[in-house]
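One structure is given below, encoded as structure tokens.
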Amino acid sequence: MANAALAQPHSPLRDRWTQLIAGIICMIMIANLQYGWTLFVHPIQQKHGWSIAGIQLAFSIFVALETWLTPVEGWIVDKLGAQRGPKLVVAFGGILIAVGWIVNSIADSLAMLYLGAVLSGIGGGAVYATCVGLAVKWFPDRRGLAVGLTAAGFGAGAALTVVPIRAMIASAGYESTFFWFGLGQGAIVFMLAWLLRGPEPGELAAVPARSNLVQTSRSYTPAEMLKTPVFWLLYVMFVLVSASGLMATAQIALIAKDFNVANTAVLFGASALSVALIVDNVCNGAARPLFGWVSDNIGREYTMALAFGLGAVAYWLLGALGTAPWAFVVFAALIFLTWGEIFSLFPSTCTDSFGPKFATVNLSLLYTAKGASAFLVPLANIIKSHTGNWHAVFVITALMNLAVVALALFVLKPMRSRATTQESRVLQPAE
């Protein structure tokens, strides 16, 4: 009896929380690759005299590779299997993010800086795709919350290191900061990689299903998924919401300046823009688990309608009332709160619709919508230059969100319900 007690099998309900925590920490470790970059731009420019545009091209290269290569990285994870795939791909990603920032630390030309961006972009994408894929696989009953917490690690993780990075740049130079933070972040990801694995078939059989969620009874291959109208509808909706958010949030400093509130003191001497940036980052991170949890309880489409409906109101309010300093802070925060959740709602809906077996690559294919939406961002500047103000931009972004609300309720919801009903009929045994 004693031996039997010692031979208790591992509980998947317990193990999956270990997987989730390890994935969140990995995401925190890659957050600086995107959100900490801005701290290095001026020190690099001051030392080498390169143009800001030339330096920022490295950031564009990073974002492009971090986004567009995730389908390949996700395919490798799924191809290698539940035991080997996550370990090897995340370990590989940890090595690349370390090497990428070490290359940045010794870069004496823009070409070398771009090489660092290529390496860190590939590595960051490998970690991102794998960790989000594991979250949706391990938590079929709490996908929204699990993906939201994982994505929050990436969205808000850099907040933990902003002060240490700024202090180290000031005391030791940006080169040492790149080197030691790159080495440390990469080493932590590499070590955590060996804890990661996906669930084996049938391992989560004890996890209760949620009756309020529409979930497929089979797993679609990437090729099968790409042939479905549900995927392309999700893709269009993702592009619309992502583009509307980027069109506003990427210009937030310029908008604050044009509204004459950028340098207005609002709290303990801090300017409206400074306070807004801090609050916006908190809201961006908090939105992901918050709306993910809501979607687990009331359904994906209803949560989309709630979040993006509030988003449409937020865009209109910022455009109409944002010239008052505190109004600018509050309404900009509301935009971030109703925009960041796309990185939990869409992955959850995708896996609900197409199953967990090929989830990593399927999610990655949907994630490329973020890269596609970035090409629409310059339209905000074009519209503003033609109209002379930001009013039309905010009207358009509000309408884009309202369009997604309508698509979620009146197209996506019935379409997913019909698809699930057809699957049930196909799987029902003949009498």
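The values are calculated or read from the model by the stated rules, or taken from the named source; none is laboratory data. The shown structure was predicted, so the numbers you read here are calculated from the model rather than taken from an experiment. Here the Cβ positions follow ideal geometry from the backbone for every residue, glycine too, while neighbour counts run over all protein chains shown. These area figures cover heavy atoms from the full protein model, side chains too; ligands, DNA and RNA do not enter into them. Shrake-Rupley method; radii C 1.70, N 1.55, O 1.52, S 1.80 Å.
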Inset, instruction - On the protein heavy atoms, probe 1.4 angstrom, tell me the percent of accessible surface of region 250-330 carried by carbon and sulfur. - result: 71
Inset, instruction - Return the whole-Å distance between the Cα centroid of region 348-403 and the Cα centroid of region 60-123. - result: 24
Legend entry - Cross-link reach list, lysines versus residue 413, counting only Cα pairs under 20 Å and skipping chain neighbours closer than eight places: 227
Inset, instruction - Using only protein heavy atoms and a 1.4 Å probe, report how much of residue 217 is accessible, in Å² to the nearest 10. - result: 80
Inset, instruction - For residue 167 and residue 60, calculate 0.36 nm times their separation in residues minus their Cα-Cα distance, and state this gained length in nm to one decimal. - result: 36.0 nm
Legend entry - Mean separation of Cα contacts under 8 Å (6+ apart) over length of the chain, as relative contact order %: 23
Inset, instruction - Using Cα positions and a limit of under 20 Å, work out the aspartates and glutamates in reach of residue 47, with same-chain residues fewer than 8 apart set aside. - result: 108, 175
Inset, instruction - With a Förster radius of 45 Å, plug the Cβ-Cβ distance of residue 18 and residue 257 into 1/(1 + (r/R0)^6) and report the FRET value to the nearest 0.05. - result: 0.45
Legend entry - Reachable lysines from residue 384, criterion Cα separation under 20 angstrom, eight or more residues apart if same chain: 257
Legend entry - Helix-derived mean residue ellipticity, 222 nm - over the chain, DSSP H n ≥ 4, -39500 (n - 2.57), to 500: -25500 deg cm²/dmol
Legend entry - Selected from 404, 163, 72 as most flexible by GNM, with the chain as the system and alpha-carbon contacts under 10 Å: 163
Inset, instruction - From the C-alpha gyration tensor of the chain, pull out the three semi-axes of the equivalent ellipsoid (sqrt of 5λ each), sorted largest to smallest, in whole Å. - result: 35, 29, 19
Inset, instruction - Taking the Cα centre of the chain as origin, work out the dipole magnitude from +1 charges on Lys and Arg Cβ and -1 charges on Asp and Glu Cβ, in debye rounded to 20. - result: 340
Legend entry - Kirkwood hydrodynamic radius (C-alpha pairs) into Stokes-Einstein, region 83-209, 10 °C and 1.306 mPa s, D in µm²/s: 99
